[in-house]
Structure formats: structure tokens, C-alpha cells
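For reference, the structure discussed in these notes is given below.
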Amino acid sequence: MSGTFVGMPAFPEAAHDAVGNRTLRGNLRHATHTIRAKRAKAVAELSDWAELREAGRAVKDHTLRHLDRYLVQLEEAVTAAGGTVHWAADADEANRIVAELVRATGESEVVKVKSMATQEIGLNEALEAEGIRAYETDLAELIVQLGRDRPSHILVPAIHRNRGEIRDIFRKEMSEWGRPAPEGLTDSPAELAEAARLHLREKFLRAKVGISGANFMVAETGTLVIVESEGNGRMCLTLPETLISVVGIEKIVPTWRDLEVFLQTLPRSSTAERMNPYTSMWTGTTDSETADGPQAFHLVLLDNGRTDALADQVGRQALRCIRCSACLNVCPVYERAGGHAYGSVYPGPIGAILSPQLRGTASEIDASLPYASSLCGACYEVCPVAIDIPEVLVHLRERVVEGGPAVREGNRVLLKPAKGHAAERAAMRAARWAFAHPGALRAGQRIASRTRRFHPRTLPGPGRAWSGSRDLPPVPSEPFRDWWQRTDGGRKGAK
């Protein structure tokens, strides 16, 4: 299981294989439609949803503009509460820090709360290389880990699996990771959940080290927040003696009061709940061995491309993301292709704009991600922090095709155009020239109208992929400009 699946084929090729899997498409269709309908009902309960959405956007934008100040404030607050803050510029540094912290405890196993950041950096694999075994405790993440699989959804990583597949995974793999599955296990949700509970219980009670991410960090108090629905997070956050949290630097909010906005919008947009069953908050450490909470707390602040994205005035809005996954559940492309085709732990529309900014567009898969969308705009409509994903997609497409200035690893660079887009660049330059020369444009339109009988119904060469699933629009018998001039804008009895 890899955190960043660079090396995969470009999205169109990976998606082509996924679309042919009828079981996968059925699983995705059922799950996304169910979550989508529940979310719409939960959001409709709030008469001020639009105002909450705008407030969330404003808080996030303000924080990103002053990120340097709030990160320093957060470090001071965490340190004052007894925690230790570590700064990680990239995945390798973050993995090294975490491995050293675990080794310092003398332990060889850890329990984990579901965390996108640790998947992003491939922490499980890095710890395994150091002889440390990481146990996922979220039910869906457990399914993915036992199945030696990869997550395919931000909120429901095992969304591509059905109950029968999960039963088979539990029967076959649980014994290799700890307590085996009960004899005669069926695909009943209650039985599957009980099997997971029994399997994980011994790990919760034995583990001395917990690893988490965080949904939010409060600069004002040094408080970290995790929202979840199963209770495994609460166990990982309170039982271990040492807690290590790996969190992206964009997850910060300035004040405690700011949480009020996001604790309304995140549950409704993700799990369609008014409030998550478990909202855990912790500040620093505990001085008592009998009290809940860790006696040692380490916060690893992860950059890993985030400041590069912050430097992009259009693309930086992706850093507002609160990982609700609402955009995935309404995306027609994700519904058919699934999450694995995106080659990243961040699938769907948000992954199509976030991964190319965090990782760059040098690889084939990353250069293709901005095109993994129909630009229908449904993702923007449901985003609780108003990320204009279609705008960023078009912006990144321009970067892929044209290259140009960007920031990579903190340095200003000039990107070269990606391979395979020469025809697109030529067509766009020809269009730009034509629009800049009205006489040539008018002549071309007239020629196109007079030769319309000879036009093909499909495009040749690379254009065949576009016209293979679309009808070419017919060319009108008269250019619009000629019609406008002849009829005086329709006032002279247009035919």
C-alpha cells in the first residue's frame, strides 16, 4: 500500500481500466448516491448554510494570508502546554522524525487514527522499513490494510469494496495481523463490525504509542481537533502514553471561536450528521498516569509542497480544503472511475487540483490529473469552503500545456510544457491569432459556412477521442456576424 502512487499510468488510461470493472462501478454508484442524498438533507436543515460556507472560506483565506504568524503562535501554545513541535519540510523528513520518536520509546508497534497526511507521506511503509508495525484502527482503513489495498475515497477509503469482499478479507487476513476473524463470519454489517472491534481491542489496550493527524489546529490555544464516527480515534488519542500527530500546516485556524463554523459544516458535508459522534480535542499533555491523555505529545507540522501551493494565487484555494469529500460524491468522473485512477491518496476533484500542486506536474499521472474532470461545476456547488475547483483545474491545465513560472520546493522555477500537448498548444495559438485578426476570423467563418456539406462527422487524429463520444456541432449556413449585419441585430425580419 503506497501513499503516493506516482508511476501509475496517466488518468485516462487508469480510468479506462476502472470503468470496465462492473463491480467497482456498482459499489461506487450505490455508495456515492446514498451519501449525496443524506448530505443534501442534512445541509437543507440549516437556513444559514450559504453564510456558514462564506464564513468558512473567509476564515481559511485569512489564515492562509497570515500563515507564518499563526504557525508561530501555534508552536508557542503547544510548547506552553507541554507538547513538542517538529517542522518537516517534506515526506522524508517527516517520516524520519516520526520513526526516531517511536524508536526513542523502545516500542515496535503503534496504533493509528485515520490520517490523510500520513498516507500522503507513506508513513506506514517508512515505519515498516525501521522495524515498526503500524496498525490502522479506522474500520475502512483496516479493510484497506488487511487487503493490501489502497484507499480510494477521502472519507470512506474502502468504498470500492462490498460486504462480501470485506468478509473474505477478514477471514483470510486477520489472523496474520492479530486476533483472527470469528468462525462462520458472514457479510452482516453487525458481524463485520464486531469482528473488527474484537481484533482491534487488544491493540488499543496494548499500544504505548499512538499516531494521528488532525482536522483542525487552534493557534490561540494549541488545541488539536479530530472528528470521527467510530470511537477508534478516541481510543488512540487517550490510551497511549505517547501521541505523535502529523498535520499539514494548512489545517490551522486562528481562534477557538472559528471552530464553531467548521464543526457545523464538516459533519454535514462528510457524514451527513449534525455533529460527529466523537469530537476529540486535546491540548498538550497530562501530568497524571491515571488521567486520560498522553504523557508525551509531539506535533509534526508538515509542509511537503504546501508553501509551493500557497505561492500560487489561483491554486492556493485548494489549501482551504477540510477533507469532507463532498466533491467526490457528486463528481460523475469519480463515480465511474473510482479513486485509484487518480494515483494519489487525494482522489476526486480535490485530488485533481491538490496533488499536482503538492507533487508538481512532472510525472505522467500528475500532468493528467487537471484533465480528470468534465468541468460541470458540481464540486464547487457542494464545497463547504467554496473552493472553485473548475477554476483551478483550468489554471493547472494551462500550466501543463504552456509551462511558465511556478514555485517548487520554495524556489521560483520556469516549468517546461508537458509532453504530448504540442497539437493543443498549436491549436490555441492559432485561435489566439485568429481572434486577434477580425478580418481573418470573418473569412474563416465564411469559408466554413460555405463548405459545411463536406465537413466530417468525427474529427481525425487526436481529435477522434473527443468526437468518439460527442456529436460535432453543425456549422451554421451563415456566420453570426454576417447575420447580425444583414438583419441589423434581428430588427429587419430575420429568417
> Do we have GLU191 as out of contact with any Pro (no Cβ under 8 Å at 6 or more places or on another chain) and of a type in the set (Asp, Glu) here?
Replying inline: no
>> Among the residues in region 59-69, are any in a helix (DSSP H, G or I), more than 21 Å from the chain's Cα centre (by Cα) and among the polar types (S, T, N, Q)?
In response: no
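Report yes if ARG399 is open to solvent by 20 Å² or more (accessible area, probe 1.4 Å), part of a helix (DSSP H, G or I) and touching a strand residue (DSSP E or B) at 6+ places or on another chain (Cβ under 8 Å), otherwise no.
Criteria met by ARG399.
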>> Looking at region 40-73 only, could you name the residues that are open to solvent by less than 30 Å² (accessible area, probe 1.4 Å), of a type outside the set (Gly, Ala, Ser) and within 30 Å of HIS160 (Cα to Cα)?
In response: VAL43
>> Yes or no: region 371-394 includes at least one residue that is surrounded by fewer than 24 Cβ atoms within 10 Å (Cβ to Cβ), free of Cβ contacts under 8 Å to residues at least 60 places away in the same chain, in contact with a His (Cβ under 9 Å, 6 or more places away or on another chain) and part of a helix (DSSP H, G or I).
In response: no
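Each row is one residue, and each column tells you yes or no for (1) of a type outside the set (Gly, Ala, Ser); (2) closer than 30 Å to ARG22 by Cβ.
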{"residue": "VAL111", "(1), (2)": "yes, no"}
{"residue": "THR118", "(1), (2)": "yes, no"}
{"residue": "ALA134", "(1), (2)": "no, no"}
{"residue": "ASP138", "(1), (2)": "yes, yes"}
{"residue": "GLU141", "(1), (2)": "yes, yes"}
{"residue": "GLY147", "(1), (2)": "no, yes"}
{"residue": "ARG161", "(1), (2)": "yes, yes"}
{"residue": "ARG167", "(1), (2)": "yes, yes"}
> Between residues in region 309-321 that are open to solvent by 40 Å² or more (accessible area, probe 1.4 Å) and residues that are at pLDDT below 95, which pairs lie under 6 Å by C-beta distance while being six or more apart or on different chains?
Replying inline: ALA311/VAL407
> Which condition does ILE365 not pass, out of (1) surrounded by fewer than 24 Cβ atoms within 10 Å (Cβ to Cβ); (2) not aromatic (Phe, Trp, Tyr); (3) not in a loop (DSSP other than H, G, I, E, B), if it passes all the others?
Replying inline: (1)
>> Looking at region 250-261 only, could you name the residues that are open to solvent by 10 Å² or more (accessible area, probe 1.4 Å), outside any loop (DSSP other than H, G, I, E, B) and not charged (D, E, K, R)?
In response: TRP256, VAL261
>> Return the residues of region 141-172 that are charged (D, E, K, R), touching a Ser or Thr at 6+ places or on another chain (Cβ under 8 Å) and either closer than 20 Å to VAL110 by Cβ or touching a residue at least 40 places away in the same chain (Cβ under 8 Å) (or both); say none if nothing qualifies.
In response: ARG150
> In the set ALA80, ALA88, which member is among the aliphatic types (A, V, I, L, M), under 17 Å from ILE252 (Cβ atoms) and open to solvent by less than 10 Å² (accessible area, probe 1.4 Å)?
Replying inline: ALA88
> Which residue pairs have Cβ atoms under 9 Å apart, sit 6 or more places apart or on different chains, and have a first residue in region 72-93 that is under 19 Å from LEU127 (Cβ atoms) and small (Gly, Ala, Ser) and a second that is open to solvent by 30 Å² or more (accessible area, probe 1.4 Å) and in a strand (DSSP E or B)?
Replying inline: ALA91/THR4
> Looking at region 421-478, which of its residues are over 19 Å from VAL401 (Cα atoms), in a helix (DSSP H, G or I) and of a type in the set (A, V, I, L, M)?
Replying inline: ALA434, ALA436, ALA440, LEU441, ALA443, ILE447, ALA448
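Looking only at helices (runs of 4 or more DSSP H) that fall completely inside region 100-212, which ones have 1 or more residues that are over 27 Å from GLY348 (Cα atoms) and touching a strand residue (DSSP E or B) at 6+ places or on another chain (Cβ under 8 Å)?
Correct list: 123-129, 163-177, 189-206.
Report whether or not GLY338 is open to solvent by 50 Å² or more (accessible area, probe 1.4 Å), touching a residue at least 40 places away in the same chain (Cβ under 8 Å), out of contact with any Cys (no Cβ under 9 Å at 6 or more places or on another chain) and at positive phi. I'd like the intermediate steps shown before the answer.
Details: open to solvent by 50 Å² or more (accessible area, probe 1.4 Å): no; touching a residue at least 40 places away in the same chain (Cβ under 8 Å): yes; out of contact with any Cys (no Cβ under 9 Å at 6 or more places or on another chain): yes; at positive phi: yes.
So GLY338 fails the test.
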> Being without any contact (Cβ under 8 Å) to a residue 40 or more places away in the chain and open to solvent by 20 Å² or more (accessible area, probe 1.4 Å), is that true of even one residue in region 133-140?
Replying inline: yes
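The values are calculated or read from the model by the stated rules, or taken from the named source; none is laboratory data. All figures in this text were calculated on a predicted structure; none of them were measured in a lab. As a convention, Cβ positions derive from the backbone with ideal geometry for all residues, glycine included, and neighbour counts pool all protein chains shown. The area values use the complete protein model at the heavy-atom level, side chains included, leaving out ligands, DNA and RNA. Shrake-Rupley method; radii C 1.70, N 1.55, O 1.52, S 1.80 Å.
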